[in-house]
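Student: One structure, pasted below without further comment.
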Amino acid sequence: MSLLVVNASQVVTPTGKGPACGLAQGQVRIFSQAVVRCQGETIAFVGSRQEHDRLFPPATQELDAQGGCVIPGFVDPHTHLPFAGYREDEFDRRLAGETYAQIAASGGGIVKTVAATRQASEDELLRLTLLRLARQLLHGTTTTEAKSGYGLNTESELKQLRVLQRASQLQPVEIIPTAMPAHEVPPEWRHNPDGYVDLVLEEMYPAIAAAGLAQGVDVFCEKGVFSPEQTRRLLAPAKSYGWNIHLHADELFPLGGAQLAAELGALAASHLLHVSREGMRALAQAGVVAVVLPGVSFFLRDRYAPVRELIGAGVPVALATDCNPGSSHTESMTAIMQLACLGAGMSSEEALVAATLNAAAALGLAHRLGSLEVGKQADLVVLEAPNHKHLVYHFGVNLVRHVVKKGQVVVRDGVFAA
Ligand code: NIG
Ligand code: FE
């Protein structure tokens with residue numbers, strides 16, 4: 001099977017097999033009037049039609065870009081997809097002036113989603129998760145990370161992760177599952193948070209690992225949630241399970257989460273609204289990817305992460321939706337790119353690199369995903385726009401026309417391909 005993408009105005013892509021930082025964060029390669037050849041699941045050629053025709057036989061299938069721009073499929077490196085129930089009432093309360101913390105203290109927040117997720121049957125949770133994955137795909141996301149963390153007991157955490165495993169088999173978006181039983185201390189353990197940490201370590205991680213349901217682990221290191229000391233304990237066994245380390249760090253208070261991520265050899269540290277200079281230096285030195293979540297800043301009307309300073313310090317910056325019902329309810333990576341540019345001061349090129357190559361790097365997958373280069377997986381998006389700048393310039397709409405995953409057309413003219 002071969003697929004040739006023809007009639008593209010431009011093919012725009014980051015380059016490299018690792019994260020781009022500093023000046024490279026803003027650099028993309030632009031091919032004018034180029035074609036992309038997918039051979040099986042892999043990219044075999046990017047360049048002029050003439051050269052392609054000299055080197056390759058005709059492809060078995062063509063995809064007409066109709067003058068649109070071709071970019072890599074988006075990678076969303078931080079989501080909380082398998083959840084039940086919604087919290088639009090809290091959204092209203094915030095609009096009326098209450099804070100996220102006040103709402104959480106009055107019984108709302110994560111705990112409310114935990115109750116709904118525990119109550120949902122596995123099939124219902126699967127149905128909800130598939131709806132979100134479908135929306136991601138229609139918006140150009142071809143790979144997504146997804147966390148548990150609304151179960152907060154062994155049975156419900158396993159249920160969330162099983163849903164992700166089943167969803168992987170049922171639709172094209174590639175799912176990278178992360179275990180996050182340390183997303184919050186559940187109500188029944190509030191009297192003894194260290195007891196909950198013990199339970200995570202002694203019962204939950206072993207059960208998740210035995211079932212082979214996670215590739216990574218994440219902890220919400222935050223004042224009033226898990227302290228740096230508890231986080232150290234919670235992440236100590238990660239490597240022995242073969243799990244990549246992620247961290248929710250320096251979101252609400254500067255707790256030194258970035259330094260902790262660097263110390264523990266994390267692949268990525270997320271949020272970072274309150275990261276210190278020292279934290280930035282530690283991230284840069286250890287090569288930790290900063291996963292910035294401007295959807296949360298927008299949705300909670302909070303400050304944005306210091307993206308310019310992070311890039312200036314040489315930290316590779318990735319973008320993610322953080323798709324969840326409380327602090328960022330969206331599946332759209334282009335919405336996130338718009339906020340990253342208009343809210344946090346990124347350029348459209350920096351945002352594109354952050355949503356593709358650096359997002360792949362945040363999952364340890366930059367060798368395989370995140371750019372349109374020979375040998376990488378054939379995951380791409382054809383836009384209804386002449387160049388990539390329209391992704392942020394033409395805001396609030398979906399410019400994704402076609403999506404190709406592993407060399408197969410999975411979205412055609414904005415709808416799922418038959
Ligand atoms: O990543 N920061 C912690 N957890 C989520 C929000 C969870 C929720 O409000 O349900 C986040 O933003
Ligand atoms: Fe999150």
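The values are calculated or read from the model by the stated rules, or taken from the named source; none is laboratory data. Note that the structure is a prediction, hence the values are computed from the model and not measured. Every residue, glycine among them, receives a Cβ derived from its backbone with ideal geometry; neighbour counts consider all protein chains shown. These accessible areas exclude ligands, DNA and RNA; they are computed on the full protein's heavy atoms, side chains included. Shrake-Rupley method; radii C 1.70, N 1.55, O 1.52, S 1.80 Å.
Student: Given a Förster radius of 45 Å and the C-beta distance between Phe395 and Arg166 as r, what FRET efficiency does 1/(1 + (r/R0)^6) yield to the nearest 0.05? Spell out each step's value before the answer.
Tutor: Values: r = 35 Å, r/R0 = 0.77.
Approximately 0.85, to the nearest 0.05.
Student: Just for the Cα atoms in region 245-367, what are the lengths along the principal axes, largest first, rounded to whole Å?
Tutor: 33, 32, 25
Student: Running a GNM on the chain with Cα contacts under 10 Å, which residue among Asp218, Asp302, Asp89 ends up with the highest mean-square fluctuation?
Tutor: Largest GNM mean-square fluctuation: Asp89.
Student: I've got another one for you. Pull up the cross-link candidates among the lysines for Lys376, meaning alpha carbon to alpha carbon under 25 Å and not fewer than 8 places away within one chain.
Tutor: Reachable lysines: Lys17, Lys389, Lys405, Lys406.
Student: May I ask for the net charge around Arg368, where only other residues with Cβ less than 9 Å from the Cβ of Arg368 are counted and Lys, Arg are +1 while Asp, Glu are -1?
Tutor: Numbers: positive: Lys17, Lys376; negative: none.
With Lys, Arg at +1 and Asp, Glu at -1, the neighbours total +2.
Student: Springs between alpha-carbon pairs under 10 angstrom, Gaussian network model over the chain: which of Gln66, Gln25, Gln136 fluctuates most?
Tutor: Most flexible of the set in this elastic network: Gln66.
Student: Less than 21 Å apart at the alpha-carbon level, and either on another chain or at least 8 residues along: which lysines does that give for Lys159?
Tutor: Those lysines meeting the cut-off are Lys112, Lys147.
Student: OK, next. Looking at the chain as a GNM with Cα springs under 10 Å, which of Ala318, Ala361, Ala209 has the largest mean-square fluctuation?
Tutor: Sorting by GNM fluctuation, first place goes to Ala209.
Student: So if each residue of separation counts as 0.36 nm, and I subtract the Cα-Cα distance between Asp302 and Asp413, what length gain in nm does that give? Let's see the in-between values first.
Tutor: Numbers: separation 111, 0.36 × 111 = 39.96 nm, distance 3.65 nm.
Roughly 36.3 nm would be gained on extension.
Student: Can you divide the C-alpha Rg of region 75-361 by 2.2 N^0.38 Å and report the result to two decimal places? Walk me through the numbers on the way to the answer.
Tutor: Working: Rg = 17.3 Å, N = 287, 2.2 N^0.38 = 18.9 Å.
Relative to the rule-of-thumb radius for its length, region 75-361 sits at 0.91.
Student: Another question, then. For the chain, what is the relative contact order in percent, using Cα pairs closer than 8 Å and at least 6 residues apart in sequence?
Tutor: Details: 1022 pairs, mean separation 93.4, N = 418.
For the chain, the relative contact order is 22 percent.
Student: Counting only protein heavy atoms and using a 1.4 Å probe, what share of the accessible area of the chain belongs to carbon plus sulfur, as a whole percent? Write down the numbers at each step before the final one.
Tutor: Numbers: 8260 of 15560 Å².
Roughly 53 percent of what the probe reaches on the chain is carbon or sulfur.
Student: Could you give the nm distance between label points at Glu202 and Ala105, where each point is 7 Å from its Cα heading toward the beta carbon?
Tutor: Placing both labels 7 Å along Cα→Cβ, they lie 3.3 nm apart.
Student: Taking a virtual spin label 7 Å from the Cα of Asp64 along the C-beta vector, which residues in region 354-384 bring their backbone nitrogen under 20 Å of it?
Tutor: Under 20 Å, as judged by backbone N against the label point of Asp64, lie 381-384 of region 354-384.
Student: Can you work out ³J(HN,Hα) from phi for every residue in region 403-408, in order, using Karplus 6.51 cos²θ - 1.76 cosθ + 1.60 and θ = phi - 60°, giving whole Hz and x for Gly and Pro?
Tutor: Residue by residue, region 403-408 yields 10, 10, 10, 6, x, 10 Hz.
Student: If you average the C-alpha positions of region 287-365 and of region 122-198 separately, how far apart do those two centres end up, in angstrom?
Tutor: So the two Cα centres are separated by 21 Å.
Student: Dipole of the chain (Lys/Arg Cβ +1, Asp/Glu Cβ -1, origin at the Cα centre): which of Phe298, Met1, Ala120 lies farthest to the positive side?
Tutor: After comparing all options, I get Met1.
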